[in-house]
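For reference, the structure is listed below as structure tokens.
The values are calculated or read from the model by the stated rules, or taken from the named source; none is laboratory data. Computed from a prediction, not measured in an experiment: that's the story for all the values here. Counting neighbours? That spans all protein chains shown, and the Cβs are built from the backbone with ideal geometry, glycine included. Surface areas here come from the heavy atoms of the whole protein model, side chains and all, with no ligands, DNA or RNA. Shrake-Rupley method; radii C 1.70, N 1.55, O 1.52, S 1.80 Å.
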Amino acid sequence: AGARIEVRLTAPDGLAEPLSLLEEFSRNGEPVPPSLARRLARAVEAGDVEVLAARAEPGGTPVGVAVLAFRLNVPAGAFFASIEDLYISPEARSRGAGRALIEAVEARCRARGVSYVEVQTDEEAAPFYEACGYEPETGVRVLSRSVVLDC
């Protein structure tokens, strides 16, 4: 098993380390543009987004990160949460960091009175979420479209 994983909320001015972990994973090492990092910090400050960092030792470098977004669902008359990103560095996998992040996500939701959490994921990560109690949504399809921006 190993040491207990510590998960903490990241303050708006402490996003650089967790972002570097996400850059490694989802951006092929490409840095998050400064304008996006500033927007993320503002969203964290406003409480619309929370960034959770998992560490194998207190004060150590993050080994995992979860980005949790809170949105209003007007028909339901309540807020819901979505796990926008969840990443564990390869050397820390299967050591409890992913489950610790999921537990922290759910604790944050309970603290905010949010009872519904969703995640859009790929086939590779789906078994992890299912092992944590997440279930496929029936009758839901994800559709997307890119909007051309006038720059």
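Reported count of residues in the range 48-57, each being in contact (Cβ under 8 Å) with a residue 40 or more places away in the chain and open to solvent by 50 Å² or more (accessible area, probe 1.4 Å), is 1. Might you check whether a residue that is out of contact with any helix residue (DSSP H, G or I) (no Cβ under 9 Å at 6 or more places or on another chain), open to solvent by less than 20 Å² (accessible area, probe 1.4 Å), small (Gly, Ala, Ser) and within 25 Å of residue 41 (Cα to Cα) occurs anywhere in the range 108-126? Checked against the condition, which is being out of contact with any helix residue (DSSP H, G or I) (no Cβ under 9 Å at 6 or more places or on another chain), open to solvent by less than 20 Å² (accessible area, probe 1.4 Å), small (Gly, Ala, Ser) and within 25 Å of residue 41 (Cα to Cα), the range 108-126 yields no hits at all. Taken over the range 58-67, the criterion of being open to solvent by less than 90 Å² (accessible area, probe 1.4 Å), touching a helix residue (DSSP H, G or I) at 6+ places or on another chain (Cβ under 9 Å) and more than 16 Å from residue 82 (Cα to Cα) is satisfied by 62, 63, 64. Here residue 26 meets the list (1) over 23 Å from residue 117 (Cα atoms); (2) at pLDDT below 85; (3) within 18 Å of the chain's Cα centre (by Cα); (4) of a type outside the set (Phe, Trp, Tyr) almost entirely, failing just condition (1).
Filtered by the rule that a residue be outside any helix (DSSP H, G or I), open to solvent by less than 80 Å² (accessible area, probe 1.4 Å) and in contact with a strand residue (DSSP E or B) (Cβ under 8 Å, 6 or more places away or on another chain), the range 1-47 gives 5, 6, 7, 10, 15, 47. Assuming residue 113 fulfils every condition listed in (1) on the phi > 0 side of the Ramachandran plot; (2) under 13 Å from the mean Cα position of the chain (by Cα) apart from one, which condition is it? Against the list (1) on the phi > 0 side of the Ramachandran plot; (2) under 13 Å from the mean Cα position of the chain (by Cα), residue 113 comes up short only on (2).
Could you grab me the full set of residues in the range 92-119 that are among the β-branched types (Val, Ile, Thr) and more than 13 Å from residue 67 (Cα to Cα)?
The initial filter retains those residues of the range 92-119 that are among the β-branched types (Val, Ile, Thr), namely 102, 105, 114, 117, 119.
Answer for the range 92-119, where residues must be among the β-branched types (Val, Ile, Thr) and more than 13 Å from residue 67 (Cα to Cα): just 114.
With respect to the conditions (1) over 23 Å from residue 96 (Cα atoms); (2) open to solvent by 20 Å² or more (accessible area, probe 1.4 Å), residue 70 lacks only one, and its number is (2).
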